[in-house]
1. Label points 7 Å out from Cα along the Cβ direction at ASN524 and MET36: separation in nm?
2. How many nm is it between the label spots at ARG162 and ALA299, if each spot is 7 Å from the Cα in line with the beta carbon?
3. Can you give the FRET efficiency for ILE414 and LEU44, using 1/(1 + (r/R0)^6), R0 = 60 Å, r = Cβ-Cβ distance, to the nearest 0.05?
4. Please give the FRET efficiency for LYS18 paired with GLU63, using the beta carbon to beta carbon distance and R0 = 45 Å, rounded to the nearest 0.05.
5. Taking 45 Å as R0, compute the FRET efficiency from the Cβ-Cβ separation of ASN115 and VAL247 and round it to 0.05.
6. What order do you get for 496-505, 119-128 when each peptide is scored by the mean count of other beta carbon atoms within 10 Å, highest first?
7. Cα gyration tensor of region 430-549, axes a ≥ b ≥ c as square roots of the eigenvalues: rounded (a/c below 1.5), prolate (a/b > b/c) or oblate?
8. How far apart, in nanometres, would the label points at SER481 and GLN400 be if each is projected 7 angstrom from Cα along the Cα-to-Cβ direction?
Amino acid sequence: MVKDRWQLIARGLTGYAKMRLWLGWARIPVGRRLAMGMFLIITLLLLPYLLLTIHSMRRAIAEQQQFTLLQQLKSAQVLLDQEGRQLLRTCEDYSVWQECRDALLRHDHEWIKVNILDWAMPHFYLDAILIFDMRGQVLYWSGEPVSRMQRTDNPLLQSALRGSSGMGFLQEGRTLYLVAYAPILGENYSTPQAGVLMFAKRLDQAQLARLWGRLTSTVRILPIVNPPSPLHKGGEGRGEGGFREEVRMQESGDGMSLSTPLHGIDGAPVAWLTVSTPPTQVRAMQYAIQRAVLYLVLAGWLMTLVVTATTLWIVRRHLMLFLKAVNRLASGMWEARVPYPACDEFGILARAFNTMADQLQSAFEQQEAQRLEIEKQKAELEQLYEQLQQAHQALETANQELVAMNALLSQAAITDGLTGLRNHRAFQESLMNLVQMAERYGQPLSLIMLDIDHFKQFNDRFGHPAGDELLRQVASVLRQSARAYDVIARYGGEEFAILLPNTDLQEAIRVAERLRQQIAAIQNRHMPITASFGVASYRHGSAPATLLYEADNALYEAKRRGRNRVHAAGSDAILNAG
């Protein structure tokens, strides 16, 4: 009984306290209640927003840092790959040196020592040079070669013995080397291979600092402890043993670091290429985050106070203005529609609302008139839009026609209008391009110049239309007999020129003889037709004009010796009509 009595007393006291709190809250003016409620609600809503903003800011900074490090890592990869490719190009330049191949074949130790071993080491900052024979045995060395460079099961060495150059990473202990192997072929690739040339460069801190001096992050090459199994077998060809799209990220109190493995010549990872954020940058970011959090909290509280006070002031001000406007508009109106006896702001608003009810109809009618006017304007705008669409379509059609005309003009600028072959200007541009290609890749290039025999007399006797038809017949024969990559042009008048890429002099003579026979077989209704041919082959290192001059002289010599012939530059051999 005593326990039940105390429970009843506690319940009574709790109810009394709730009632007193409610009465106290009810006695507070509605404006203050609104201000307190708004402040509490905005604070509760702003708190998770602040937490989410801080979290998003930290995450954005981390993602930006990761993105920056990833870009730095890619830049470091590119610089390291460029260093390897430069080493490979240097090794290949020496391997195609004809004097180097000849000295190796005649065992000229002094020449190899002076021109390769002693000269290349200091000039290209190499740490080791090896020269192998075709059995994979070391003939000459310089610097500090390690055992793995000399092993016959070295994939790059085996690939070079088969005629393919390559570069990659090679690890010896805790030292990482960049190695390049190239077959010694000389300038004439048709001769047998004489051996293999190897250049090696140690990737020490000085070398890495020179490579990555422009990067803002800390870049290091770290050894791999307990390396995983190789990703691939082999390592042949240019660029093998290089990089993989495999990135490892580590985060700690000192910042973030990204790493990617460097794979050796056998495909196994040999080192980590690591990029990390500098400590000063990490401390600066942490300090910036702390200040940003403090500013966000202060700004949130200040914004809550300002928004609450401003909202309350605006509400009260508008209520009072609304009351004054309603009282002016409600003059002479006595009907009440909202039974709200309270004498606060909402009661005043209710009485004003009931007064304005009769005026809603007229306001609605005005709004309907405005809506009809807006619909009319919308229809006019849609009509104008359709007109603009039609104008746009016409402009697009005109633009397409202009593009087609430009294409036709571009084609006409390089095409002979009578024969459809390339004109003189296009032939000169093709000659320059093919000579550069032949010079770069060491390929043969030949030129055939041909002239229709007695064309002027043919023109004078049978007329220009017959001469034009004959030029078209000859052009058709040349076009049908040429390869897809041959360049055929009307050089001028009755003279034609044919550029034969990757074709030596003997093959060009055979082509010219075949063309001579095909032209002689043309069924011309006026008279039989023959042509004279001059053939020349490009001599590497000479100017393009030299090839043109030699072919023209050969054509002149063929005409001088009786026409209907093929004459090669620098040779007395002439192919006659038979």
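1. 11.6 nm
2. Distance between label points: 6.3 nm.
3. Values: r = 76 Å, r/R0 = 1.27.
About 0.20, to the nearest 0.05.
4. 0.30
5. 0.55
6. 496-505, 119-128
7. It comes out prolate by the Cα gyration axes.
8. Once both label points are built, they end up 4.3 nm from each other.
Any read-out appearing in this document is the output of simple, stated calculations on the displayed coordinates, not a laboratory observation. None of the values given here were measured: they were computed from a predicted structure. Cβ sites come from the backbone with ideal geometry, for glycine too, and all protein chains shown count toward neighbours.
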